[in-house]
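Step one of this worksheet: look at the structure below.
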Amino acid sequence: MRILVVEDDPVSRKLLQKTLEGWGYEIITAENGQKALDIIMNENLKFVVADWMMPVMDGLTLCRMLRSSKDKGYVYFIMLTGKDKKEDIIEGLKAGVDDYVVKPFDRSELQVRVRAGERILTLEKELTAKNESLQRLNVKLEELVRLDTLTGAGNRLSFYETIEKTHHRACRYAYGYGIIMCDIDNFKLYNDTYGHLAGDNILRRVADSIKSSIRMSDDVFRYGGEEMVITLPDQDMKTTLTVAEKIRDGIESMGIEHRGTAIGILTISCGVAAFDMEKLENKWEDILENADKALYRAKSTGKNRVCS
Ligand SMILES: [Mg+2]
């Protein structure tokens, strides 16, 4: 461990340096508080043994300055001084000194106190590392909490967050946006015929196919069992319809066998709605409801189609 020795008297400085080096520490020296401060900031030092009375900047001021700057992490500070009155000690502690050794120092006392500081710094380092790893885990959890684990699409929570933001932005800047609701045709029958594992696989493939049909700025979410919803910022009805048709066609083109449909392959139906900038009073819930109604119409008029 590296320790910064701050002492204006050259003889004392040398003695302290030799003593600490003898215990296996790497020593850097400074002859006043100002120089010490520069070294601490530049070299990321965590351990200081400083004299109190020094020219330019004394040890007490150095300690206060270290305590007021939060960005360098914790610096362990031992004050080494001839001042040994109770008031002095209290003043030092108030400034944030961790420990106190009276000059001329007793070797074994100094050693015990330096070892204690080393232990605290080691613990602090471990704690910081653990905190950082917890923060990384938290970020990961934040992501997971918004993901549908089966399809890798967003889940309902993240849909609500996204649509809120999209709608807010659309109202504020008079942009449009589109919503597509998709539903796999006769999916219950698919599960009954091919089993639930095959059904799960279909959900993943459908989600992947949708992802490949949309832009980077669009998002796909699993809304319900076999229902997916897509948000398309900056789109109007016409362009949203085009995307929906592309998605529908993409699924049909995969040619997945489904004996429960008229054409013998797996298809989806889509309902499309778009936010109309002339009707700013509309809520996103209204747009979603329109998309849902359109989906219902697509289903009731023969499936494998897009309705708006
Ligand atoms: Mg001095």
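The numbers here are math on the coordinates, done by the rules we state, and not lab data. Since the model is a prediction, treat every value here as computed from it, not as a measurement. Note that each Cβ is placed from the backbone with ideal geometry, even for glycine, and that neighbours are counted across all protein chains shown.
Key figures for this structure:
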quantity	calculated
Most positive-pole-ward Cα, VAL112, GLY33, VAL102, against dipole of the chain from beta carbon charges	VAL112
Modelled label reach - LEU157, point 7 Å along Cα→Cβ, the range 208-227 residues with backbone N closer than 17 Å	221-224
Peptides 16-27, 136-147 ordered by average Cβ neighbours within 10 Å, highest first	16-27, 136-147
Cut-off under 5 Å, modelled amide H: who pairs with TYR100 long-range	MET79
Partners for LYS299 among aspartates and glutamates (Cα-Cα distance below 12 Å; same-chain residues under 8 apart left out)	ASP183, ASP185
Proximal charge balance of LEU20 [Cβ under 15 Å; K/R count +1, D/E count -1]	+1
Per-residue Cβ neighbour rank within 10 angstrom, fewest leading, MET54, MET254	MET254, MET54
Relative contact order %, the range 46-106, counting alpha carbon pairs below 8 Å whose residues are six or more apart	37
CD proxy at 222 nm, helix term only [per DSSP H run n ≥ 4: -39500 (n - 2.57); per residue of the chain; nearest 500]	-17500 deg cm²/dmol
Greater than 29 Å apart at Cα, pairs in LYS246/LYS283; LYS140/LYS246; LYS140/LYS165	LYS140/LYS246
Shape of the range 121-258, Cα gyration tensor, a/c cut at 1.5	oblate
Shape category assigned to the chain from the gyration tensor of Cα positions, a/c cut at 1.5	prolate
Stretchable slack from ARG205 to LEU147, in nm (0.36 nm times residue separation minus alpha-carbon distance)	19.3 nm
The chain: most fluctuating residue of VAL243, VAL97, VAL56 per GNM, C-alpha cutoff 10 Å	VAL56
Extension gain, THR301 back to ILE263 (0.36 nm per residue minus Cα-Cα distance, nm)	12.2 nm
Cβ-based exposure ranking for PHE105, PHE221, in which fewest neighbours within 10 Å come first	PHE105, PHE221
Cβ-Cβ FRET estimate between LYS94 and GLN135, R0 fixed at 30 Å, reported to 0.05	0.40
FRET efficiency, 1/(1 + (r/R0)^6) with R0 30 Å, evaluated for LYS14 and TYR74 via beta carbons	0.60
Contact order normalised by residue count of the chain, Cα under 8 Å, 6+ apart, percent	13
Choice from MET53, MET228, MET181 showing the highest fluctuation, given a GNM over the chain with Cα pairs closer than 10 Å	MET53
Anisotropy class of the range 19-120 from Cα gyration tensor, a/c 1.5 cut	rounded
Least to most buried among ARG107, ARG156, ARG13 (fewest other Cβ within 10 Å first)	ARG107, ARG156, ARG13
